[in-house]
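**Student:** Here it is: the structure, laid out below.
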Number of protein chains: 2
Amino acid sequence: MSYQKLVCELKRFHHLNSALDLLGWDEQVNLSRKSAESRAAQSAALADLIHRESIHPQIGSWLNALEQDSLTAAQQCVVTEARRDYDRAVNIPSEFVARRAKQQSQAYHAWVDARNNDDFTAFAPFLKRQIELAREEAAFFDLNDLQAYDYHIDKNDPGMTAAVIGILFDALKDEVVPLVKQILDSTVKPDLSMFKGFSITKQETFLNRVTRTLGFDFDRGRIDVAVHPFCSGNGADTRLTTRYFADNPLDSLFSAIHETGHGLYEQGLPLEHLGTGLGTAAGMSVHESQSRLWENQVGRSRSFWDYWEPLYREAFPDQLSGVTSEQLYLAINAVSRNPIRVDSDEVTYNLHIILRFELEKSLFSGELNIEDLPTAWNDSAEKILGVRPVNDSQGVLQDVHWATGAFGYFPSYSLGNMLAAQLWYAALDEIPGMESDFSTGDFTRLLNWLREKVHRQGRRYGLMELAKEATGHELSCDALIRYLKERYLPLYRPQAS
Amino acid sequence: MSYQKLVCELKRFHHLNSALDLLGWDEQVNLSRKSAESRAAQSAALADLIHRESIHPQIGSWLNALEQDSLTAAQQCVVTEARRDYDRAVNIPSEFVARRAKQQSQAYHAWVDARNNDDFTAFAPFLKRQIELAREEAAFFDLNDLQAYDYHIDKNDPGMTAAVIGILFDALKDEVVPLVKQILDSTVKPDLSMFKGFSITKQETFLNRVTRTLGFDFDRGRIDVAVHPFCSGNGADTRLTTRYFADNPLDSLFSAIHETGHGLYEQGLPLEHLGTGLGTAAGMSVHESQSRLWENQVGRSRSFWDYWEPLYREAFPDQLSGVTSEQLYLAINAVSRNPIRVDSDEVTYNLHIILRFELEKSLFSGELNIEDLPTAWNDSAEKILGVRPVNDSQGVLQDVHWATGAFGYFPSYSLGNMLAAQLWYAALDEIPGMESDFSTGDFTRLLNWLREKVHRQGRRYGLMELAKEATGHELSCDALIRYLKERYLPLYRPQAS
């Protein structure tokens, strides 16, 4: 009885939270300039109301009772997740939530100004306060400052710790740094000059066709335009966004494929379990594995372009005339040293993440002071990425995450890359001729495989367990390294002419 | 103190209700086919939560205390409106609200089927239940069946009664019926054959320009496409919709101008008072007066078209070549006998409303049985409109209102027409050369006048008081009749050739 009541209440929260999500989606897609203040008030009022509902002692009683019962594995997953959410809601005081929201808003605006003015000193006190808030939050769970970073990692990926990530990332760094050097030392250089004057309307048509062909269900979702692409909503109503640049069509296309990957995951979660652990994504890293797999392993593959290249040429005949298939494919897989994470290719991207992870860890442990952060960033960038930012706007001020208190979030991008590569090879093993399907525009077998191995599992497994269950191997950087080498080394190997 | 607390709470409800509104807007503008069920659950969960908040006894205590205080007129307006909403929320049980929502949904679907199948008998029991629900609702306020219709009228227009409407509509009918005959007996016949193949993109551009020029603030609102045009949101974020037909461009254009009128009213309500009676529209009729005034008195005037005709010809040169200004203007003001309300012109429209009002009144008084409704409808249509519907789909089944329990709503359309005409002549009197402004594309002085006389007043006055305050005259059909005669009779007077 308690179980049914709990599920019913969780579904009610899900509907209310989905309404709150829609306010956020609309804010980024539709909202007029002067309506922002009113939207902020709406979101705050609704969030506060949902929070008050979610701490009702009745829920605690149901959980206490259920935790004494013998439950099926599925029920256990639901109860564990509900307990996690309930304890968060109860332990973190409303006063703190409101104060954090206010200080995050202040820090966000301070960050925008600081980045515009290339003035880290102006931002430093705000960043310091964000770290203090992050520690204060962990303290509500009786965690000390040394445990605070793990607490924030766990928020994104249940069960993950900085120690485990450290081991994984050290191995990754050891392999990627020389690989990048090898690629960039090559005499083979991609030419991106073809990407000029791509009609936005035609990009839109092409990209909608790609998204639909990959399996996104437009009967339960849509795709719109936003400044920063994102995926919101859930499987019952999935909202993707992308953006268009006439002179950077690959940005639009791969952003859309990336968000489609997120959307396919949401649409693959079991609808009947939405709102419970059984219908919730396993965590940020697993989510990112889905977006990355479709964007990179699939979207940058030869077999993918076997099918799409003729259609791309049909849409943009003038721009692509005189460009060979080989030149186009190399441009799609261009690698370069870029100080900016979001403009980076999939090889160097991981180095950006390792850099941030190491700095976050040092900030939380107290080994690194805020004042010393810009220099530490630049030194690390020079060492790991091979490029020293010319100023802080191109360095420590480039990302919004820390300004909004999102600590322990960056690692999930590279953890997701590792899982994506691991899933890719497992799928290749288990689906004979999968890439031949791609060459004919058929992605069904891969999607169905992911549905079974990942999507339908909901939150039954954490990242590490899911990697093992789905691929038969512990999570490691091996598959990612293998993939990067197999894809990029032949491409950058000078051809005998 | 109580007053400040009450206002603060009302604003919170306003934000929550605005969130609920957005769910509704998104449902009609964006929602994918298979996401409807999830949206219904979101809206129901949020509506229920807002309802539970709005019946908190603390609000009742504040109101009781404030009603003993001496208040300013403005405070009195806020308290009166809050009392009205609070009593509704408290007196109407949640069980009834949920049951009504369910039965309205059933009745809506039954109506869709019945209209498609031209089968009133299948719909009759659902309609009967809607009337019973309407009576049941009135009974929560100790009103008997005879008072129930007034209760529903009052929901749309505070203070208005069927008796007052009856007097106004009898006078209106006596004048409009012969006027329609006079117009339709004319040998002057509009030619609508020019309206073919109007590019949707160009319609959109033209219509956005019109909307902006009339004064709609796109920094606090937007215009989208929906199957049935509507205006939602509020002055902080006003959402208009229209629709496009290549072969019926006037439908798109006048729908947009109509909704712009609603939007200008919302944007003219004092922002700082949103959520209280001082920032709420005076009622449905006053709202309709604003949409009708811009659509008809302004949008169908010669002075309006003096300015827009050259721009319209520029957008659609092929379609309008060979069409004289006089022919275009006559087409814009075409009058015809049409059994369908929503396809009717502004002259015959009022007769549709009178017909519905008289039938609603008889249904509520018990003089008319549901079974006899189709015949009564057709007889009345023949008598008043001069056209007998060929079937019930073209007759009693044409409108959705009754299926959704919207009784006492139809009259506001014609009450709005009366007020619109009365405001029009008052503005013409008080703003010398107003129509000359229109000829140059300047609508500012009329908008400012309406801002002062209507928009800024919020809910300080009911319909009857507002008419008196704004125009100096009691509400009557005189101005509307004068307007219809002045506009249509010269147009339909055969010219000496």
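The values are calculated or read from the model by the stated rules, or taken from the named source; none is laboratory data. Bear in mind the structure is a predicted one, so any value in this text is a computation, not a measurement. Note: ideal-geometry Cβ built from the backbone for every residue, glycine included; neighbour counts use all protein chains shown. The protein model used for the area step is the full one, side chains on, heavy atoms only, and it has no ligands, DNA or RNA in it. Shrake-Rupley method; radii C 1.70, N 1.55, O 1.52, S 1.80 Å.
**Student:** When segment B:399-416 is examined, which residues are found to be at pLDDT 95 or above and open to solvent by 30 Å² or more (accessible area, probe 1.4 Å)?
**Tutor:** Passing the criteria: only B:Tyr409.
**Student:** Looking at segment A:335-350, is at least one residue free of Cβ contacts under 8 Å to residues at least 24 places away in the same chain, outside any helix (DSSP H, G or I) and under 24 Å from the mean Cα position of the chain (by Cα)?
**Tutor:** yes
**Student:** On the basis of being within 14 Å of chain A (Cβ to nearest Cβ), within 30 Å of B:Asp224 (Cα to Cα) and out of contact with any Asp or Glu (no Cβ under 7 Å at 6 or more places or on another chain), does B:Ala101 make the cut?
**Tutor:** Against the criterion (within 14 Å of chain A (Cβ to nearest Cβ), within 30 Å of B:Asp224 (Cα to Cα) and out of contact with any Asp or Glu (no Cβ under 7 Å at 6 or more places or on another chain)), B:Ala101 does not qualify.
**Student:** Going by the conditions given, is B:Val396 within 24 Å of the chain's Cα centre (by Cα) and surrounded by fewer than 15 Cβ atoms within 10 Å (Cβ to Cβ)?
**Tutor:** Working: within 24 Å of the chain's Cα centre (by Cα): yes; surrounded by fewer than 15 Cβ atoms within 10 Å (Cβ to Cβ): no.
Criteria not met by B:Val396.
**Student:** May I pose another question? From the list B:Asp26, B:Asp21, exactly one residue is open to solvent by 60 Å² or more (accessible area, probe 1.4 Å) and either within 14 Å of chain A (Cβ to nearest Cβ) or closer than 30 Å to A:Glu272 by Cβ (or both). Which is it?
**Tutor:** When all the criteria are applied, what remains is B:Asp21.
**Student:** Among the residues of segment A:448-476, which ones are out of contact with any Phe, Trp or Tyr (no Cβ under 8 Å at 6 or more places or on another chain) and not in a helix (DSSP H, G or I)?
**Tutor:** A:Gly458, A:Arg459, A:Arg460, A:Tyr461, A:Gly462, A:Gly472, A:His473, A:Glu474, A:Leu475, A:Ser476
**Student:** Also, I was wondering about something else. What residue, of A:Thr404, A:Thr440, is of a type in the set (S, T, N, Q) and under 30 Å from A:Tyr307 (Cβ atoms)?
**Tutor:** The unique qualifying residue is A:Thr440.
**Student:** Going by the structure shown, is B:Ile431 touching a Pro at 6+ places or on another chain (Cβ under 8 Å) and at pLDDT 95 or above?
**Tutor:** Criteria not met by B:Ile431.
**Student:** Look through segment A:156-190, keep the residues that are among the polar types (S, T, N, Q) and closer than 17 Å to A:Glu346 by Cβ, and return whichever of them is most open to solvent (accessible area, probe 1.4 Å).
**Tutor:** Across segment A:156-190, the extreme among qualifying residues is A:Gln182.
**Student:** When residues of segment A:6-29 are filtered for being over 21 Å from B:Ala45 (Cα atoms) and free of Cβ contacts under 8 Å to residues at least 40 places away in the same chain, how many remain?
**Tutor:** The qualifying residues number 1.
**Student:** Just to be sure, is A:Glu9 facing chain B (nearest Cβ under 9 Å), more than 22 Å from A:Thr241 (Cβ to Cβ) and either open to solvent by 40 Å² or more (accessible area, probe 1.4 Å) or out of contact with any helix residue (DSSP H, G or I) (no Cβ under 6 Å at 6 or more places or on another chain) (or both)? It would help to see each step written out before you state the result.
**Tutor:** Details: facing chain B (nearest Cβ under 9 Å): no; more than 22 Å from A:Thr241 (Cβ to Cβ): yes; either open to solvent by 40 Å² or more (accessible area, probe 1.4 Å) or out of contact with any helix residue (DSSP H, G or I) (no Cβ under 6 Å at 6 or more places or on another chain) (or both): yes.
When the stated conditions are applied, A:Glu9 does not pass them.
**Student:** Would you point out the residue of segment A:242-272, among those that are within 14 Å of another protein chain (Cβ to nearest Cβ) and either crowded, with 22+ Cβ neighbours inside 10 Å or at pLDDT below 95 (or both), that is nearest to A:Tyr312 (Cα to Cα)?
**Tutor:** Only one residue tops the list, namely A:Gly263.
**Student:** Given the residues A:Gly233, A:Gly197, which is the only one that is open to solvent by less than 60 Å² (accessible area, probe 1.4 Å), more than 12 Å from every other protein chain (Cβ to nearest Cβ) and either out of contact with any Leu (no Cβ under 9 Å at 6 or more places or on another chain) or closer than 30 Å to A:Lys11 by Cβ (or both)?
**Tutor:** The conditions single out A:Gly197.
**Student:** Could you check segment B:299-327 and list, in sequence order, the residues that are closer than 22 Å to B:Asp345 by Cα and either open to solvent by 40 Å² or more (accessible area, probe 1.4 Å) or in contact with a His (Cβ under 7 Å, 6 or more places away or on another chain) (or both)?
**Tutor:** The answer is B:Arg302, B:Asp306, B:Thr324, B:Ser325, B:Glu326, B:Gln327.
**Student:** Would you mind finding the one in A:Arg493, A:Arg459, A:Arg482 that is among the charged types (D, E, K, R) and within 19 Å of the chain's Cα centre (by Cα)?
**Tutor:** Numbers: A:Arg493 fails: within 19 Å of the chain's Cα centre (by Cα); A:Arg482 fails: within 19 Å of the chain's Cα centre (by Cα).
Being among the charged types (D, E, K, R) and within 19 Å of the chain's Cα centre (by Cα) holds for just one of A:Arg493, A:Arg459, A:Arg482, which is A:Arg459.
**Student:** Right, something else. Within the set of pairs 6 or more residues apart or between chains, which connect a residue that is more than 8 Å from chain A (Cβ to nearest Cβ) and touching a residue at least 40 places away in the same chain (Cβ under 8 Å) inside segment B:43-55 to a residue that is β-branched (Val, Ile, Thr) and in a helix (DSSP H, G or I) with Cβ atoms less than 7 Å apart?
**Tutor:** B:His51/B:Val97
**Student:** Still on this structure, please answer the following. Enumerate the pairs (first residue in segment B:184-203 and within 27 Å of B:Arg243 (Cβ to Cβ); second residue anywhere and among the charged types (D, E, K, R)) with beta-carbon separation below 9 Å, excluding pairs fewer than 6 apart on the same chain, so at least 6 apart or on different chains.
**Tutor:** Within 9 Å, the pairs are B:Phe195/B:Asp247; B:Lys196/B:Asp247; B:Gly197/B:Asp247; B:Gly197/B:Asp318; B:Phe198/B:Asp247.
**Student:** Taking A:Ser61 and the conditions (1) at the interface with chain B (Cβ under 9 Å from one of its Cβ atoms); (2) at pLDDT 95 or above, which numbered condition does it fall short on, given that it satisfies the others?
**Tutor:** Unmet condition: (1).
**Student:** If I filter segment B:335-374 down to residues being of a type in the set (Lys, Arg) and open to solvent by less than 30 Å² (accessible area, probe 1.4 Å), which single residue comes out as nearest to B:Leu172 (Cα to Cα)?
**Tutor:** Out of the qualifying residues, it is B:Arg356.
**Student:** Can A:Arg493 be described as touching a residue at least 24 places away in the same chain (Cβ under 8 Å), touching a helix residue (DSSP H, G or I) at 6+ places or on another chain (Cβ under 9 Å), part of a loop (DSSP other than H, G, I, E, B) and charged (D, E, K, R)?
**Tutor:** Against the criterion (touching a residue at least 24 places away in the same chain (Cβ under 8 Å), touching a helix residue (DSSP H, G or I) at 6+ places or on another chain (Cβ under 9 Å), part of a loop (DSSP other than H, G, I, E, B) and charged (D, E, K, R)), A:Arg493 does not qualify.
**Student:** Moving on. Might you let me know whether segment A:376-389 holds any residue that is over 30 Å from A:Ser193 (Cβ atoms) and either open to solvent by 30 Å² or more (accessible area, probe 1.4 Å) or outside any helix (DSSP H, G or I) (or both)?
**Tutor:** yes
**Student:** Something else now. Could you identify the single residue in B:Leu447, B:Leu419 that is open to solvent by 10 Å² or more (accessible area, probe 1.4 Å) and of a type in the set (A, V, I, L, M)? Talk me through it step by step, then tell me what you get.
**Tutor:** Numbers: B:Leu419 fails: open to solvent by 10 Å² or more (accessible area, probe 1.4 Å).
Every option except B:Leu447 fails the conditions.
**Student:** Checking the structure you have, find out if any residue of segment B:31-40 is more than 21 Å from A:Arg12 (Cβ to Cβ), open to solvent by less than 30 Å² (accessible area, probe 1.4 Å) and more than 9 Å from chain A (Cβ to nearest Cβ).
**Tutor:** There is no residue in segment B:31-40 that is more than 21 Å from A:Arg12 (Cβ to Cβ), open to solvent by less than 30 Å² (accessible area, probe 1.4 Å) and more than 9 Å from chain A (Cβ to nearest Cβ).
**Student:** Condition first: out of contact with any helix residue (DSSP H, G or I) (no Cβ under 8 Å at 6 or more places or on another chain) and not in a helix (DSSP H, G or I). Now tell me which residues in segment B:421-447 satisfy that. Before the answer, list the steps.
**Tutor:** Going residue by residue through segment B:421-447, those that are out of contact with any helix residue (DSSP H, G or I) (no Cβ under 8 Å at 6 or more places or on another chain) are B:429, B:432-433, B:442.
Within segment B:421-447, B:Pro432, B:Gly433, B:Asp442 qualify.
**Student:** Test A:Glu474 against the stated conditions and say whether it is open to solvent by 40 Å² or more (accessible area, probe 1.4 Å), more than 27 Å from A:Phe304 (Cα to Cα) and free of Cβ contacts under 8 Å to residues at least 40 places away in the same chain. Outline the logic, then answer.
**Tutor:** Working: open to solvent by 40 Å² or more (accessible area, probe 1.4 Å): yes; more than 27 Å from A:Phe304 (Cα to Cα): yes; free of Cβ contacts under 8 Å to residues at least 40 places away in the same chain: yes.
Judged against the criteria, A:Glu474 is a match.
**Student:** I'd like to verify a number: residues in segment B:399-429 that are more than 15 Å from the chain's Cα centre (by Cα), more than 26 Å from B:Arg100 (Cβ to Cβ) and not aliphatic (A, V, I, L, M), how many?
**Tutor:** 4
**Student:** Which members of segment A:53-111 meet the condition of being open to solvent by less than 20 Å² (accessible area, probe 1.4 Å) and aliphatic (A, V, I, L, M)?
**Tutor:** A:Ile59, A:Leu63, A:Leu66, A:Val78, A:Val79, A:Ala82, A:Ala89, A:Ile92, A:Ala107, A:Ala110
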